[in-house]
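Here's the structure we're looking at; comments come further down.
The values are calculated or read from the model by the stated rules, or taken from the named source; none is laboratory data. Predicted model, so just to flag it, every value in this text is computed and none were measured. Glycine also receives a Cβ, built like all others from the backbone with ideal geometry; neighbour counts cover every protein chain displayed.
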Amino acid sequence: MATLLGGLVLALLLLGLGLLIRRMLRAVLAFVQRLRRPHWRGFTLPALRLSRSRAFARAESARAELLAAKVARLRVKLRLARQAPAEPRFQRAKREFARRFHPDRLPPRSPDRRVRIAMFQEFWAVLRGIERG
């Protein structure tokens, strides 16, 4: 009797589990079919794409405006940094150094070109450091 009752309970549990699985599979199938339809929430697929594109364009337009404002601020900072007062004699000495010792003023196949490039870059970095303070 106990074995029969246990078997009956087990059979009912398996039946319930089978029905639950069947219901879940139907729900998944219905979801997949909804995804494959050309209409979604009353919109046709092209209209949905168009509305999404417009929303994306609005968001990108706002982002572009923010970036443009940031570029304008950075341009002002750069202009102010370039207009920083520097000693005219120092600027004249720097310009004269570049005119006399810049490696581009040498012939391309000059034997001391590499040495001149290394020296110029090293000393130019020192001049820039002095200029920036």
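Laid out as a table, the results:
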quantity: Considering residues of the stretch 59-91 that are in a helix (DSSP H, G or I) and small (G, A, S) only, the residue modelled with the lowest pLDDT; calculated: A81
quantity: Single unsatisfied condition, S110 versus (1) surrounded by 10 or more Cβ atoms within 10 Å (Cβ to Cβ); (2) outside the structural domain of R132 (by TED's automatic domain parsing); calculated: (2)
quantity: Qualifying position, being loosely packed, with under 10 Cβ neighbours inside 10 Å, of a type in the set (G, A, S) and free of Cβ contacts under 8 Å to residues at least 24 places away in the same chain, among A81, A55; calculated: A81
